[in-house]
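Notes follow once the structure below has been shown.
The values are calculated or read from the model by the stated rules, or taken from the named source; none is laboratory data. Owing to the predicted nature of the structure, the values given are computational and were not obtained by experimental measurement. Glycine gets a Cβ as well: all are built from the backbone with ideal geometry, and neighbour counts include every protein chain shown. Note: accessible area is taken over every heavy atom of the protein model, side chains too, but ligands, DNA and RNA are not part of it. Shrake-Rupley method; radii C 1.70, N 1.55, O 1.52, S 1.80 Å.
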Amino acid sequence: LIVPASQDTAPDVISLFYNVNDETRLLGRVSRADSKLAWKTDPLPGDGYVDALARDNEQVYAVVEADLLAFNVTDGSLAWKTVLPDNLDSGENNLIIQDGYVIVMTMDRSIQAYEAKTGKEVWSRPLLSYARGLRVMGKWLVILDYIADGYDLNIFLLDPADGSEEHA
């Protein structure tokens, strides 16, 4: 991930690192100003492989197995951690940040939204289809799903704050 820096310096980079001494994985922020490690997290849970990584101006969000973790972007400290109902779904764009919410799509065919600042679950929605990926269009979260008792994919526009559907 690229982290913007001040106007006169190159952006920093946050990446996954492997510690050969204890065979763990962790996130670290490399300062592009001096090419040094600005901070590193504690070892990540489980196998430490990051399934998805995203950030906003305050936190970096990582999904490792069924754990959703938020780290402070300034010092790498753990802000909060929550357990997802299942591992992150396969494919791209299954972890997004939208309007102060962290939104994930998991393998159990469901979508959950969490407050970005606290990790508190705000809403959850089961899916009928196996459609992959979350999309954003303006202020809306866009998903593909079946209508009950049907097998044609439909486009749904959801409010990221509460998961309600927009009706045209």
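Computed from point charges on the beta carbon alone (+1 for Lys and Arg, -1 for Asp and Glu), the dipole magnitude for the range 87-168 about its Cα centre is near 240 Debye.
Residues whose amide H falls under 5 Å from that of Tyr146, counting only those 5 or more places apart or on a different chain, are Leu128, Ser129, Asn154, with hydrogens built in the peptide plane. In the full protein context, the chain carries 55 Å² of accessible surface per residue, based on a 1.4 Å probe and ignoring ligands, DNA and RNA. Over 21 Å apart at the Cα level, from the set Lys81/Lys117; Lys36/Lys117; Lys81/Lys120; Lys40/Lys120, are Lys36/Lys117; Lys40/Lys120.
Across the range 42-119, the relative contact order, built from alpha-carbon pairs under 8 Å that are at least six residues apart, equals 20 percent.
When the charge dipole of the chain is built from unit charges on Cβ atoms (+1 for Lys and Arg, -1 for Asp and Glu) and taken about the Cα centre, the candidate among Leu153, Pro85, Ile2 whose Cα reaches farthest toward its positive end is Ile2. Within the listed set Val64, Val73, Val13, the residue fluctuating most in the Gaussian network model of the chain (springs between alpha-carbon atoms under 10 angstrom) is Val13. Our note on the geometry: Cα centres of the range 96-168 and the range 51-71, 18 Å apart. Where in the chain lies the longest segment free of trypsin sites (Lys or Arg not before Pro) that are both loop residues by DSSP (not H, G, I, E, B) and have at most 13 other Cβ atoms within 10 Å? That would be 37-119.
Proximity of backbone amide H atoms, modeled 1.01 Å from N, is registered between Ala52 and Val63 at under 5 Å, excluding neighbours fewer than 5 places apart on the same chain. Carbon-plus-sulfur accessible fraction, the range 100-143 (probe radius 1.4 Å, protein heavy atoms only): 57%.
Sequence-distant contacts, meaning Cα pairs under 8 Å at least 6 residues apart, place the relative contact order of the range 78-168 at 21 percent. When the chain is treated as a Gaussian network with alpha carbon springs shorter than 10 Å, the biggest mean-square fluctuation among Gly76, Gly150, Gly119 belongs to Gly150. For the chain, which span is the longest to avoid every loop-located (per DSSP) member of GluC sites (Glu not before Pro) having at most 16 other Cβ atoms inside 10 Å? So the longest stretch without any such site is 93-165.
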